[in-house]
Amino acid sequence: MKFVRYLISGVFLFGMMHLSAQEVLTPEKMWKMGRVSGLQVSPTSNTILYGISKYELQKNSGNRDLYILEEAAESPRKISSFQGSEFNAVWRPDGEKIAFISAEGGSLQMWEMNTNGTNKKQITNIEGGITGFKYSPDMTKILFIKSVKVDKTANDIHKDLPLANALIIDDLMYRHWDHWEDASYNHIFIADYSDGSVGKVNDIMDGERYDSPSQPWGGMEEINWSPDSKTVAYTCKKLVGKEYAESTDSEIYLYNLASRNTENISAKGFDGYDKEPVFSPDGKKLVWWSMKTPGFEADKQRIIIYDIATKTTNDISAGFDQSSSNFVWSDNSKNLYFISGIEATYQIFKLNIKKGDIEQVTEGVHNYTSFALSGKNIVGTKMSMSMPTEIFNIDKKGNETQLTFTNKKILDEFEMGNVEKRWIETTDGKKMLTWVIYPPDFDKTKKYPALLYCQGGPQSAVSQFFSYRWNFQIMAANGYIIVAPNRRGLPSFGQEWNDQISQDYGGQNMEDYLAAIDEVAKEDFVDENNLGAVGASYGGFSVYYLAGHHNGRFKTFISHCGMFNFESWYGTTEELWFPNHDIGGAYWEKDKPKSYDYSPHKFVGNWDTPILVITGGKDFRIPYTESMQAFDAAQI
C-alpha cells in the first residue's frame, strides 16, 4: 500500500497547508446549491419557466421543482411540488398551460397545469412511461419518446430460464457509455391531442432498431415540429452492429404526417454527425449542425441551412472558425441566434441569414448554456467558475441584467477565489490561454502549493464552467493555486488548435501542460517543490503519462478513470469511432499506429511519485479495468 498510503497523507497536508479561518466553499455547501435548468419563455408573455434541482446529502437523493418568473415580479414563484422531480417543462403553444413529465402517477407521464401551478392533470397513460414530448404548433398533436423493445433478450430465446440475467451478444455495439443494450430503442410516437386529451398513437419508427433521440445523451433538441405541424424533423443514426460502433454518421430525417413517409435529407455529402434540426418560423428553411469528418466526434459544428423548396443545403459558417449549437430563429426568420465557444468562454451570436454576417452578442468571462428570445431581448442561463447557473436578461446591445439569485444566500456565506486569465507561451511559440485560480485568502507574500488541472475530452474546453464534480473554487479554497491550461486539442481556439491532438496524445499537448505549470511555478508565491497534477478521463490519461515523464516536477498525482493501457482500452471501449480516429486504429494492424507508443503503461518504470487512482464502475468508454491496471502497477 506504499503508494496510496503516502499519497493520502501527502494530499491532506499538501491541501491544508494554507487554510484560513474564514468561510470557504466546501463540497457540503456546494451540494446545497440549487441547479437552474430548462429555461423556457412563454409564447404570449415574457414570463420565464425553469426548474431548480436540489439535493440532500444525508438522503443521497435530489428533487427538481418548477418555477416561473413573471416580468414584473420581484422574485420567482414555485409552481410544482410533487414528491419526485418534474422535467421537460414547456409552455403549451397558446400559453394557457404548462406541461411537464412526472412520475407522480406511478410512471413517467405527461402532465398539464395552469400557468400558476394549479389544476395539475395527468395527460398520458403510456405503458412503460415516456421520456420527452413536444406539442405540435397547432396543438392537434403531440410527439413523445418511448423506449420500445425490438430485439430478443436471452429470456425470450430461452423461455425455460425466466430468471436468467445473461446477455447474448453476437454483434457490436452492446453497451452505451454507462448502460448495457437491453433490446430496446428510443422511438418517436405521434398522438392526437385535444385540450388535455390524448388519442390515437402512431410509432413513426415502428420495428426500427435505431434510437431517436440518439444514444447515449441525445434529448428533445434532436426532434422538432415544422411550423405548419405537418412534418417532424429528427436526428437518427440508422446503423446497427459494427457499422454503428465505427461511425458517427447520424442523419436528419423528415417525417410527413399525411403520407407517413420518411426522407433522409442529409444522405449526400454529410458523413459525420448531423444533429438538432430546427425549422424557421416561416417554414421555408431548416438549420442543423453538422460535422464534416466521418468518425471525428469533435469536429467543427458547421451551420447547415436547408432550403425546403429546392432541397439544397448551404454551409453558412464556412468562414467561421468556431463550432455552433443551440439554434434559435428570430420571429421573422431573417436571423439565427446560436451559442459558440470563443477563447474558453461560450457566448451568444447572431447570424444574418441573407448576408451571412455573424455578430457576437454577449461578451465576458462566462459561459452561456441556453437561451430564448423574449420580445426584443434575449433571456439566457449563464455560469462562470465563480457563479453557478443563473438566468440573465440581455438587451439588443448585449447589456446583461441578472434576473434570478437562486444561490445568493449560500454564496454570501463565503468568498470565491480570484480567477485570472493568462496567455502562456508554448514550446512551439504559440500562445495558450490558461486560467489561474487563487485561494480566497490569497496573500502574495506567502507560498502556495499548485495543482495542474488536466482536462478530459480530450476535446472539451477548459471554459468558464461551474462544475459540481471538478470544481476549481473548492480546490483553491483548500489552499491551492490551480493552473488550468487550454492545451492543444481544446475547442474555442480555432479548428487547427482543436484538431492537433488527434494521434498525438503524448506529444505537443503534454508539452503544453508542462509549459503552463513551469511558467506559473516561477511566481514567488508558488511553492515549486509542492506541485501536483490531477485529471479525469483523458485528463486521467494525462496524469498517468506525466507520471512517467515529469522529470521530478510533481510531488503527487491524482487520476480519475484514465486510459492506462491503450491496447486493453481499445479492446474494451464501446464507441470505436473514437479510437479509430483519435488513436489511428486498432493495435493489431500491420502498420500499428504510432499513438500506441504513448500508452502510459509503457513508462511505469519511470514512476517515482505517489499517485491516487480513482475509478467508477459505469464508465464504459474507459472501463474501470484501466484504473485497476494503474493501481496494481503503482502498488507493485
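The values are calculated or read from the model by the stated rules, or taken from the named source; none is laboratory data. Just so it is clear, the model here is predicted, and its values are computed rather than measured. A quick note on method: Cβ atoms are made from the backbone with ideal geometry, for glycine too, and the neighbour counts reach across all protein chains shown. Surface areas here come from the heavy atoms of the whole protein model, side chains and all, with no ligands, DNA or RNA. Shrake-Rupley method; radii C 1.70, N 1.55, O 1.52, S 1.80 Å.
Rundown of residues vs (1) open to solvent by less than 20 Å² (accessible area, probe 1.4 Å); (2) among the aliphatic types (A, V, I, L, M), yes/no style:
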site: LEU257; (1), (2): no, yes
site: ASN264; (1), (2): no, no
site: GLY272; (1), (2): yes, no
site: ARG302; (1), (2): no, no
site: SER325; (1), (2): no, no
key: Residue in segment 357-372 that is open to solvent by 10 Å² or more (accessible area, probe 1.4 Å), among the hydroxyl-bearing types (Ser, Thr, Tyr), in contact (Cβ under 8 Å) with a residue 24 or more places away in the chain and over 25 Å from PRO388 (Cβ atoms) present   = no
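Out of curiosity, is TYR545 closer than 23 Å to VAL604 by Cβ, in a loop (DSSP other than H, G, I, E, B) and of a type in the set (Ser, Thr, Tyr)? Give the derivation first.
Numbers: closer than 23 Å to VAL604 by Cβ: yes; in a loop (DSSP other than H, G, I, E, B): no; of a type in the set (Ser, Thr, Tyr): yes.
In short, no.
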ask   = How many residues are more than 12 Å from TYR480 (Cα to Cα) and either out of contact with any strand residue (DSSP E or B) (no Cβ under 8 Å at 6 or more places or on another chain) or in a strand (DSSP E or B) (or both) if we restrict to segment 425-442?
value = 10
note = Conditions (1) touching an Asp or Glu at 6+ places or on another chain (Cβ under 7 Å); (2) farther than 30 Å from THR572 by Cβ; (3) not polar (S, T, N, Q) -> PRO137 fails only (1)
request  = Only residues in segment 30-41 that are touching a residue at least 40 places away in the same chain (Cβ under 8 Å) count as the first member; pair them with residues that are of a type in the set (Val, Ile, Thr) and not in a strand (DSSP E or B), Cβ under 6 angstrom, at least 6 apart or cross-chain, and list the lot.
outcome  = LYS32/ILE410; MET33/ILE410; GLY34/THR406; VAL36/THR406
message = Give me the residue from segment 274-300 that is among the charged types (D, E, K, R) and under 30 Å from ASN580 (Cβ atoms) and, out of that set, surrounded by the most Cβ atoms within 10 Å (Cβ to Cβ).
response = ASP274
ask   = If we keep just the residues of segment 131-158 that are surrounded by fewer than 21 Cβ atoms within 10 Å (Cβ to Cβ) and β-branched (Val, Ile, Thr), which is nearest to PHE87 (Cα to Cα)?
value = THR131
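Counting just the residues of segment 13-31 that are buried (at least 16 other Cβ atoms within 10 Å of the Cβ) and either modelled with pLDDT of 90 or more or among the polar types (S, T, N, Q) (or both), which one comes out nearest to TRP91 (Cα to Cα)? Give the steps one after another, and end with the answer.
Looking only at segment 13-31, we keep the residues that are buried (at least 16 other Cβ atoms within 10 Å of the Cβ), and these are 14-15, 17-18, 24-25, 29-30.
Those still in the list that are either modelled with pLDDT of 90 or more or among the polar types (S, T, N, Q) (or both) too: 24-25, 29-30.
Values: VAL24: 39, LEU25: 36, LYS29: 33, MET30: 31 Å.
Only one residue tops the list, namely MET30.
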ask   = Taking the condition open to solvent by 50 Å² or more (accessible area, probe 1.4 Å), on the phi < 0 side of the Ramachandran plot, of a type outside the set (D, E, K, R) and touching a strand residue (DSSP E or B) at 6+ places or on another chain (Cβ under 9 Å), does TYR193 pass?
value = no
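Could you list all residues from segment 287-310 that are closer than 30 Å to TRP497 by Cβ and not in a loop (DSSP other than H, G, I, E, B)?
Within segment 287-310, the subset closer than 30 Å to TRP497 by Cβ is 287-306.
Within segment 287-310, VAL287, TRP288, TRP289, SER290, ARG302, ILE303, ILE304, ILE305, TYR306 meet the criteria.
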request  = Would you be able to tell me the number of residues in segment 112-124 that are touching a residue at least 24 places away in the same chain (Cβ under 8 Å), assigned to a strand (DSSP E or B) and open to solvent by less than 60 Å² (accessible area, probe 1.4 Å)?
outcome  = 2
ask   = List, please: which pairs have Cβ atoms under 8 Å, are six or more places apart or on different chains, and start with a residue in segment 444-468 that is at positive phi and end with one that is assigned to a loop (DSSP other than H, G, I, E, B)?
value = GLY457/ALA298; GLY457/GLY489; GLY457/LEU490; GLY457/SER537
key: Scan of segment 109-151 for residues that are of a type in the set (A, V, I, L, M) and more than 17 Å from PRO213 (Cα to Cα), ordered by number   = MET110, MET113, ILE123, ILE126, MET139
request  = Could you look through segment 139-182, keep only residues that are within 24 Å of ILE101 (Cα to Cα) and not in a strand (DSSP E or B), and pick out the one that is farthest from the chain's Cα centre (by Cα)?
outcome  = THR140
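Got a sec? Which of SER460, SER492, SER467 is part of a loop (DSSP other than H, G, I, E, B), of a type in the set (Ser, Thr, Tyr) and over 26 Å from THR615 (Cα atoms)? Spell out the reasoning first.
Details: SER460 fails: over 26 Å from THR615 (Cα atoms); SER467 fails: over 26 Å from THR615 (Cα atoms).
The match here is SER492.
A quick yes/no check of all residues on (1) closer than 30 Å to GLY295 by Cα; (2) surrounded by fewer than 18 Cβ atoms within 10 Å (Cβ to Cβ):
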position: LYS408; (1), (2): no, yes
position: LEU411; (1), (2): no, yes
position: LYS421; (1), (2): no, yes
position: ILE424; (1), (2): no, no
position: TRP435; (1), (2): no, no
position: THR445; (1), (2): no, yes
position: ALA461; (1), (2): yes, no
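Look through PRO579, PRO623 and report the one residue that is surrounded by 15 or more Cβ atoms within 10 Å (Cβ to Cβ) and touching a helix residue (DSSP H, G or I) at 6+ places or on another chain (Cβ under 6 Å). Reasoning before the result, please.
Values: PRO623 fails: touching a helix residue (DSSP H, G or I) at 6+ places or on another chain (Cβ under 6 Å).
Exactly one residue qualifies, and that residue is PRO579.
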query = Do you know which of the residues in segment 482-534 that are among the charged types (D, E, K, R) and over 24 Å from PHE566 (Cα atoms) is farthest from the chain's Cα centre (by Cα)?
reply = ASP524
key: Answer residue from segment 34-48, given it is over 22 Å from the mean Cα position of the chain (by Cα) and modelled with pLDDT of 95 or more and is farthest from TYR67 (Cα to Cα) among those   = PRO43
key: Checklist (1) modelled with pLDDT under 95; (2) over 25 Å from ASP412 (Cβ atoms); (3) within 27 Å of the chain's Cα centre (by Cα) applied to LEU57, failing item   = (2)
Residue list for segment 72-111, filter: among the basic types (Lys, Arg) and surrounded by fewer than 17 Cβ atoms within 10 Å (Cβ to Cβ) = ARG77, LYS78
